[in-house]
Every structure is written in C-alpha cells, then in structure tokens.
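Structure in structure tokens, see below.
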Amino acid sequence: MASVKGSTAGRGSIELVGVSKRFGDTSAVKDINLKIPAGAYCCLLGPSGCGKTTILRMIAGHESPTEGAVLIDGENVVGEPPVRRGTAMMFQSYALFPHLSCADNVAFNLKVRGVAKAERRERALQMLDRVHMRPFADRLPAQLSGGQQQRIALARALITDPRVLLLDEPLSALDEFLRLQMRGELRRIQDEVGITFIHVTHTQMEAVALADMVVVMDQGQIEQAASARDVYDKPRTGYVARFMGGQNVLSGPVIERNASTVTIQSGAKQITITAPAVAPADGTLFEVAVRRDQIRLARGTSNEASAINAVSGRVAGLEYQGTWLKVTIEGACSEEFVVNMPDEIFFADPLTIGDPVVARWTAERIHFLEDTGRAPATRPAAHNVTAASI
Amino acid sequence: MQRDLGKRPRSFYFLAAFFGLFVAFLYGPMSAIFILSFQGPTGGLTFPLNGVSLRWFTALFNQERTGDFAGAFTRSIWLALLVLTLTVVISVLAGLAFRRRFPGSTFVFYLAVASLIMPGLLVGLGVGLTYQTLELSPSWFSSGLGAQLTWTIPFGLLIMFAVLSRFDRSYEEAGRDLGASNWQIFWMIVVPILFPGMIAVALFGFTLSYDEFPRTLLTVGGKNTLPMEIWGMTTNVTSPALYALGTVTTFVSFTVIILALGSIAIIQRRRSRGLLLSAAPVVDEGA
C-alpha cells in the first residue's frame, strides 16, 4: 500500500468507530470504521445516496450517529456542537448569507464571538487576501460568480481556525474550467494551512487528483479506503474496479482449473486466466481486474479455445482521446470490455467498427479481486452504472 | 407597430375589451367618489360638481354631522397595527415550526386554515356569543382583535409557507457551524433573510384588518372601527362627507401598500445589485 500523507499524531485526526446512521427505516450508513490521519486530504467517493454526505455531516455535528463514536484527535465528539469540535464545513450550496457583504460573511464567526468591529474587519480582509477576494469585500454574494462565492465560503470556514475542514461536493456547481482551477486551489490551500480536509465527491478523477486518501463507498459501506493510487490501480473489490473505471473486470463462476490456470464462464464466453496462489473452488466466483491500458490488441479471432489470458470479440466503439483511443469490444466477456490503445500504435493499423480482435495481457498485469471465492451472483452485476467515463 | 396590431388575432380585441370593462368597474366608482369628495359647499351626492372645496374633508372631523369618524379611524389604525404585529410574529414562528413535520402537523395546519373558508359573519357571531356566554363585554381590542386574527393568521401562515419553501436550511446550519447560538441564528440570519416575506405578511395583516367587516361586525363592542362607521354613515349621512371618507381611507390603504412594496423592492435590489453604502471597487474578475 502506498503511503498516505499525514500522521495520527498531529491535529485533526479522525476516527469513526462502528458508526451507523438510520433515518427511520432506511439505513444511510452501516457500521463504518475509518481512520483519517491528521493533515490528510481525504476524499469520500461514491454514487449519490451512498452515505458519504451523511458521514461528513456526522463529523461536522449536523447529524448524530445512531450508533458508534466519532473521534477527533482521540476525543469522542458526538453531541458536541461544531465549534467545539474544531470542524468547519463548506456547504454544497455555499450557504453564504445573502444579506451580508463578503467581508461580513467571512467575519460572521468573529461577530458571534464578540470580536470588536475593527479587528473583525481586519481579520476578514486578511482571510479574503488568502483566497484572492479582497477587492470584493464589500460586494454581496449575489453579485459574485460561482467560483468567487466558493472562495468566500472557503474563507468564511477557515476563519474559525478549524482542525478539520469538511467540503460537501465543493466543485459540483462549477463549470469544467473553474472546477479544474479550484481543484488546484483547494489542494494549494490545504498544503498551506496543513489541516485535515475531508472532501465529498462523486467524481472519480477529482478524488484521484486531489486526495492523499480515497474512501470509496457504496450503499452505506466502505468498499476501500486507501491512497488514490491503490484505489485506482489495486481496487479491493469488483465494485471499486468498476466504479473507478480504467479497469476491465472479468468475473464469473469457476468451471475448470488446473495447476496454473482457472477457467471461468463469463456470459457466453469461457475465459482462462492465470491462477492466484490459492485457487478458488469449482463453482465459486472468480474475479480479476486488468487495466485497460495494459492490454495488447491484435486483429483476428482466437482459434485456440484454450488461449490463456486472452479474450476475443468485435470492435463495437472507437473514441479518440488525443493521446490514446478508447476501443470498446463486444462479446469479449459478460460486461463491457475496453482497451485503451496509444494513438501511435492504433494509427499504424487503424481498426474499424466490426473488426474481429483478440485482446491479450500478461500474468503480472492481473489483479485479483476480493470477491473471489464467494458464491457467484450474490451481488447485482449492474454496479457499473456510475463508473468513470474514461 | 401598425402592422403588428393588424396581425393580432380577434381574441386579443375581445380580451382587451373584457379587461377594459374590468378596469372600468374597478376604478370607475373609485374615481367618481374621489372627484365627488371635492364637491363644492352647496353641491350634492351626485354630479355635476358645484364648485370645488375641501369642506367635506373638514366636516369629517366634525362629530355632530358625521358621527365619530376621527375616533373610528384611530381605533382602526391601532387595531390594524396590533393585528399586523401579532400576525407577523405568530405566522413566522408557526411557519418555522411547521418545517419540522411534528405529529399531527397536517391536522393542525388544516385546523388553522379552515377559517379561510368559514363564513366570516358566523365566526363573528360565534365569538360574540362566546363573549356573551362568558359574560365578557366585547370590544374592538379583545373580541374584535381575536375575530380578525382568525382571518389574518391563515393568510400569513400560507405566505410564510411559500417564503420558507425557498429558504435553504443550510443557512442555519452554516450559522451553527460558525458558532452562532440558536438566538443569534434567528436574529442574525433567519429574520434578515425572511424580512421581505415578513413585510408581505405585515401588509396582508394590516390591510385585511383595516377593512375587515363581517368578523368585526358582531365582535366590535360599543365603539366602531372604520368599516362599521362607514356602514353606519351610508344609512344616515347624506352629504359628500361620505365620499371624503372614502378618499381618505383609500389614501391610507394605498400609502401602506406602497410603503410595504417599496421596502421589499429596496431590500431585494440591495441584495441583488448590492447598493451598499460603502462603494465597492469595480473589479470584474478575481485574481
């Protein structure tokens, strides 16, 4: 596992211990255990309704867990108001007070604490400087663009001097260009202030680009919590692999095995794959992931039914992506199979839709997934609806 | 422009004529009353004008001729202000309470708004009878006030529902997040943001009370409010003073409405365009 920045010794470490949250009959978060080191940039990633915002709100103190404890720097903060926790939240809608100028919005925390007017203004202006918004101090929020409002919201949260900053889908309201700009800005500010950032998002690339630690969630549970690289490159489960994108998941019940290979039934196809150290039993689920960019594609059909680490099919889609091509192959396995081909290799002998192709990978490119060994089809296969688009 | 008019369908002219009729019915009598209130000293209740004077306005305040106009007017204003205040306070607090779906909230809501469809005279009669049974003497500031509130609070509540449906809960959470107490959240965030809506409720409270008749008729007690007084005058005053009265009360209503709508417009403009006292530097994009 790649190292995760930060340590549990500093300020702003977070630990969730057996945290569950139920709203009436529905269970939003189910028995979660999670440790986020102090000073880390952590992204909670998952489709909408997976419970990530609920976790954020429980850390913030805007929601109480039904069961379990929320520890900040080792101290259980359940029941404490947000200020006592040392957390500050940036809301998805920003929630800037429409009747107050930007400076007054930023100074709001100082005002309720009874700081004198002149000092309040001075410190608010300093904070506005940090987010490059000082010239807008006397504007009202409605006069600012979305990106500018976000900077004000960030300044307003940071002025409380929190040890944890909680960001609820902070970039979702911005257009593509601003999103990339603010993404870099958030990271820069986090490096500057050195506190823990917890950032909720449903965009895979955003999480991978920003986070020291990515927590992939589904249906109220944590599927994987690891460094961005591990989550992308070494997904723990088929769900993570499919959700993060960039991987082909080959999955199916074991129908045959010998010393070095396992053959699975994947849709109409039988695929033979190099076996892991401990081979699964016949009839159980065997699931592996192979990165889309680590597969070689050749024209032709696989006449050797016993070919190892290969699938065959027809080209069903071609998408030019600049430096590479996304080649979608149908009939290869039970789910979508995609090969990312470098543009030079592709254009040396361009494929067209309908061409028969064989995709091959080497044994060391195979990543074994943890669902291997379970009874097959206990989990719905249509999990990849929200998978990353590239 | 002429060409555009030529292209208009026949329905346009029909609807325009219908609208013209509506305007004539609405403002025709009002303007007749307005003009006739300036009737000369020797003039009567009908056209033509026999000279122009302010005589009937001064006559209004002369109790022997026209009854207790000044007293009724003062009482009506005070009552309307009282109704306004209570309607705003109760509607805002009730509106905030209804955001939580407490047990029985739907029932309580229908109970509250049911009085909108109850005949006002019967509500007034009921309140009057209750006072009689309890051997209390009805008066404009007790039974009259209560009867009017049964009419204004449902209106206020419905307005607050509309206002609060657009009120983002995260404003309060942001306040809490920034360390404000519940009291500070209410006064520093909720009230300022809801203020335009509160003015609308106040406007309804005032104007509904100011010309309330059916509920007040049997609950007002010994001293009349203005609508009661006008009602009395139509039967026994036969001078243009009646018209002067109409002009004065209409003027008061219009003033209140203009003040209310004007202040809402000013607040909205301040928020959207930011006409703050301190001049903001004109910079279009961030660094």
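Would you mind giving the mean number of other chain beta-carbons within 10 Å of the Cβ of each residue in A:89-97, as a whole number?
What the average comes to for A:89-97 is 5.
I would also like to ask the following. So, with +1 on the Cβ of K and R and -1 on the Cβ of D and E, and no other charges, what is the size of the charge dipole of chain A about its Cα centre, to the nearest 20 debye?
1000
Choose one of A:368, B:264, A:224: the residue whose Cα lies farthest towards the positive end of the charge dipole of the protein assembly as shown (beta-carbon charges +1 Lys, Arg; -1 Asp, Glu; about the Cα centre).
B:264
Could I ask something else about it? Using a simple spin-label model with points 7 Å from Cα along the Cα→Cβ vector, what separation in nm is obtained for residue A:261 and residue B:258?
9.3
Counting pairwise Cα distances across the range A:33-157, what percent come out greater than 25 angstrom?
36
Please list, in chain and number order, the residues 5+ apart from residue A:261 or on another chain whose amide H is under 5 Å from its amide H, with Hs placed from the backbone.
Counting only residues 5 or more places away or on other chains, the set is A:275.
May I pose another question? Residue A:296: net charge of surrounding residues, Cβ under 11 Å, Lys/Arg +1, Asp/Glu -1, itself excluded? Show your work: numbers first, answer last.
Working: positive: A:360, A:365; negative: A:293.
Within the 11 Å Cβ shell, the charges total +1.
Next question. Using the Cα atoms as the points, what is the convex hull volume per residue of the range B:66-116 in Å³? Walk me through the intermediate numbers first.
On the way: hull volume 3.8 nm³, N = 51.
Per-residue hull volume (Cα only) is 74 Å³.
Still on this model: What ranking do B:159-171, A:239-251, A:160-172 get when scored by the average of other Cβ atoms within 10 Å per residue, highest first?
The packing order, highest mean first, is A:239-251, A:160-172, B:159-171.
Quote the convex hull volume per residue of the range A:279-350, based on C-alpha atoms, as a whole number of Å³. Walk me through the numbers on the way to the answer.
Working: hull volume 7.9 nm³, N = 72.
Convex hull of Cα atoms, per residue: 110 Å³.
Using only the Cα atoms, work out Rg/Rh for chain B, with Rh taken as the Kirkwood radius, to two decimals.
1.07
What does the charge count near residue A:50 come to, summing +1 for each Lys or Arg and -1 for each Asp or Glu among other residues with Cβ under 10 Å from its Cβ?
On the way: positive: A:52; negative: A:218, A:223.
Its environment carries a net charge of -1.
Starting from a Cα-only point model with no solvent, please compute log10 I(q)/I(0) by Debye for the range B:69-217 at q = 0.10, 0.15 1/Å.
So the normalised log intensities work out to -0.42, -0.82.
Name the residue farthest towards the positive end of the dipole of the range A:167-265 from the options A:210, A:237, A:190, assuming +1 on Cβ of Lys and Arg, -1 on Cβ of Asp and Glu, about the Cα centre.
Looking along the dipole axis, the top candidate is A:237.
Tilt of helix B:226-236 relative to the longest C-alpha principal axis of chain B, in degrees (0 to 90, nearest 10)?
Long axis of B:226-236 versus the principal axis of chain B: about 10 degrees.
Taking each residue in B:154-167, count the Cβ atoms of any other chain within 10 Å of its Cβ, then average. What number comes out?
0
What value does chain A have for Rg/Rh, both radii from Cα atoms and Rh as Kirkwood defines it?
Here the Rg-to-Rh quotient is 1.06.
Another question, then. So what's the gap between the Cα centers of the range B:68-91 and the range B:4-41, to the nearest angstrom?
What the calculation gives is 33 Å, centre to centre.
For the range A:178-330, what is the convex hull (Cα atoms) projected area averaged across all directions, in square nanometres? All intermediate terms of the calculation are to be shown ahead of the outcome.
Numbers: hull surface 49.0 nm².
With every direction weighted equally, the projected area is 12.2 nm².
Send over the per residue convex hull volume for the protein assembly as shown, Cα only, as a whole number of Å³.
280
If I fit a long axis through the Cα atoms of helix A:176-193 and take the longest principal axis of the Cα atoms of chain A, what angle between them do I get, 0 to 90°, rounded to 10?
Between helix and principal axis, roughly 60 degrees.
Go ahead and run the numbers for FRET between residue B:24 and residue B:49, Cβ-Cβ distance against an R0 of 22 Å, rounding to 0.05.
0.60
Given A:167, A:180, A:124, which one lies farthest toward the positive end of the charge dipole of the range A:58-203, if we put +1 on the Cβ of every Lys and Arg and -1 on the Cβ of every Asp and Glu?
A:124
Using a 10 Å cut-off around each Cβ, can you sort B:74, A:274 from fewest to most neighbouring Cβ atoms? Present the calculation step by step, with values, prior to reporting the outcome.
Values: B:74 13, A:274 17.
Listed from fewest to most nearby Cβ atoms, that is B:74, A:274.
Going highest first, how would you order A:205-211, B:51-57, A:355-361, A:106-112 by mean Cβ packing within 10 Å?
The packing order, highest mean first, is A:106-112, A:205-211, A:355-361, B:51-57.
So, in Å, what gap is there between the alpha-carbon centers of the range A:214-232 and the range A:131-154?
33
How big is the gap, in Å, between the Cα center of the range A:258-319 and the Cα center of the range A:57-83?
If you average the Cα positions of each part, the centres end up 47 Å apart.
Then there is this: Under a 5 Å amide H to amide H cut-off, with H placed in plane at 1.01 Å, what residues pair with residue A:78 once short-range neighbours are removed?
The answer is A:70.
Need one number: the % of Cα-Cα pairs in the range A:124-215 sitting beyond the 23 Å mark.
21
Relative to the longest principal axis of the C-alpha atoms of chain B, give the angle of the C-alpha long axis of helix B:10-36, reported between 0 and 90° and rounded to the nearest 10°.
Tilt of helix B:10-36: around 60 degrees.
Considering every residue in A:127-136, what mean count of other chain Cβ atoms within 10 Å of its Cβ is obtained? Provide the component values of the computation, followed by the final result.
Working: counts 0, 0, 1, 0, 2, 2, 2, 4, 8, 4.
Whole-number average of other-chain Cβ neighbours for A:127-136 is 2.
Throughout, read-outs are computed from the coordinates displayed, never taken from laboratory work. Since this is a predicted model, take the numbers as computed values, not measurements. No Cβ is skipped: glycine too gets one built from the backbone with ideal geometry, and neighbour counts run over all protein chains shown.
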